[in-house]
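Just so it is clear, none of the values below were taken in a lab; they were calculated from the coordinates. Keep in mind the model is a prediction, meaning the values are calculated, not measured. Cβ: placed from backbone, ideal geometry, glycine included. Neighbour counts: every protein chain shown.
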Amino acid sequence: MADAAVRPAGPDDVNEIARIQVLTWQSAFDGLLPPTVLAGLDQEQSAEQWARVVEQGPASVFVATEGAWTVGFCVVGPSPESESAAANDLPVEDAATVALVSTILVEPRWGRRGHGGRLLAAAATTLREQGSTRGIAWVPERNAATMGFFRRVGWGPDGVVRTLDAGGQPLREVRLTGSLDLALAQ
């Protein structure tokens, strides 16, 4: 494997981030989201949105590279209280220190090479430095690959689920939670 690394994303990364998002969603969410939703993903519009996030925050964006290629990205930040709330919608005791992993994607052809683990480990380090004590992520219940990834790093369901409207089709997501003290290679 060529040199693999993770670094904070910059403005020059937004086109690759958008490309990876569209390509990965069209592959990983095939069968989970309606074909019209996947076909309607717009890389240019996505790049504009990612440019705002990378340049203005409040989330932190990291990219994984292998050699000269950008192969994945991760977006993390403080969790909105509504995302970390208990099943009864009441704030949890540690709400102020819960972080949200809102996106972690590795382009399918670069999968199973440790990029996801390196992305999450780098993000977790930054989140701990910012005062976060644990993380959460919402994962489609039927997305076995992402569920398996989070389970391998020690995260698991906390009992909270939600159902989103995904282009007229319900998409059930499970909230996973876990430690930000990860013993993964960065």
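For region 75-162, state which trypsin sites (Lys or Arg not before Pro) are in a DSSP loop and have at most 12 other beta carbons lying within 10 Å of their beta carbon.
On the way: sites: ARG109, ARG112, ARG113, ARG118, ARG128, ARG134, ARG142, ARG151, ARG152, ARG162; in loops: ARG112, ARG113, ARG142.
Here the trypsin sites (Lys or Arg not before Pro) that fit, given the DSSP loop and packing criteria, are ARG112.
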VAL71's amide H: which non-local residues (gap 5+, or another chain) put their own amide H closer than 5 Å, with H modeled 1.01 Å from N in plane and none for Pro or chain starts? ALA64, THR65, GLU66
What dipole magnitude, in Debye to the nearest 20, does the chain give about its Cα centre under +1 on Lys/Arg Cβ and -1 on Asp/Glu Cβ? 640
How high is the FRET efficiency from GLU93 to THR125, r the C-beta distance, R0 41 Å, rounded to 0.05? 0.95
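With +1 on each Lys and Arg Cβ and -1 on each Asp and Glu Cβ, and nothing else charged, work out how big the dipole of region 143-186 is about its Cα centre, in Debye to the nearest 20.
Values: 5 positive and 4 negative charges, 22 e Å.
In total the dipole reaches around 100 debye.
What is the gain in length, in nm to one decimal, between LEU41 and ASP181 on full extension, counting 0.36 nm per residue of separation less the C-alpha to C-alpha distance?
Details: separation 140, 0.36 × 140 = 50.40 nm, distance 3.46 nm.
In short, 46.9 nm is gained.
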